[in-house]
Amino acid sequence: MKKNLELKSNSASETKKFGEILGRFLKGGDTVLLEGALGAGKTTLVQGIAKGFLGDAKIRVTSPTFSLIHEYDGGGEKIFHLDWYRLSSVKGEDEGMAAECLGSKNALKVIEWPSRGAPLLPSENLKIDLKHSGGNRRLLRIQARGKSYEDLLSLIKLKLHPGKAGVKTKRRRQP
């Protein structure tokens, strides 16, 4: 069963804030896939995720478009931020590097343009599609694939809409 959530963001700061909330609930080993056109806000979202996950606002998150991967460490946690935009597909040395990152059980993996390496991706993940919706506004469509991510999405819904009854989940990480 897939669970979905659709959010509207009116600014880069709102996109980043949602990322921060999400980052507080993610745990090492999780995989987040980010799809969207250039300038849709993928890296902005990762900035928020890093702040929430690592608990450090001082870490500078930039797009790894030309290096393919950036690694961020903080608070005993690690993020692999991969960007496959400039690849038509992930092969050769890039495939080996991607497989090594994706195989990490302790690091959070966040991947921009994941469809270019689809065969390497875990079947269970959290997929976020970001779309321009005029000006600085964005539409975020979030899809949970797998029980752990369905539970995560339930927690996010509860955090964004407190007071909704009937949501039964286990906490993943202490936000």
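The values are calculated or read from the model by the stated rules, or taken from the named source; none is laboratory data. Keep in mind it's a predicted model, so treat the numbers as computed, not measured. Cβ placement follows ideal geometry from the backbone for every residue including glycine, while neighbour counts extend to all protein chains displayed.
If the condition is being touching a residue at least 24 places away in the same chain (Cβ under 8 Å) and either of a type in the set (D, E, K, R) or touching a Ser or Thr at 6+ places or on another chain (Cβ under 9 Å) (or both), then segment 134-148 contributes Asn136, Arg137, Arg138, Leu139, Leu140, Arg141, Ala144, Arg145.
Under the condition of being among the aliphatic types (A, V, I, L, M) and crowded, with 23+ Cβ neighbours inside 10 Å, the residues counted in segment 34-65 number 5. Scan segment 8-20 and give yes if some residue there is surrounded by 17 or more Cβ atoms within 10 Å (Cβ to Cβ) and aliphatic (A, V, I, L, M), otherwise no. No, segment 8-20 has no match at all. Screening segment 1-60 for residues that are in contact with a Gly (Cβ under 9 Å, 6 or more places away or on another chain), modelled with pLDDT of 90 or more and β-branched (Val, Ile, Thr) and picking the one that is farthest from Lys147 (Cα to Cα) gives Thr44.
Listed conditions (1) over 25 Å from Leu68 (Cα atoms); (2) of a type outside the set (A, V, I, L, M, F, W, C); (3) surrounded by fewer than 17 Cβ atoms within 10 Å (Cβ to Cβ) are all met by Lys131, apart from (1).
Scan segment 1-48 for residues that are under 12 Å from Arg138 (Cβ atoms) and part of a loop (DSSP other than H, G, I, E, B) and the total you get is 6.
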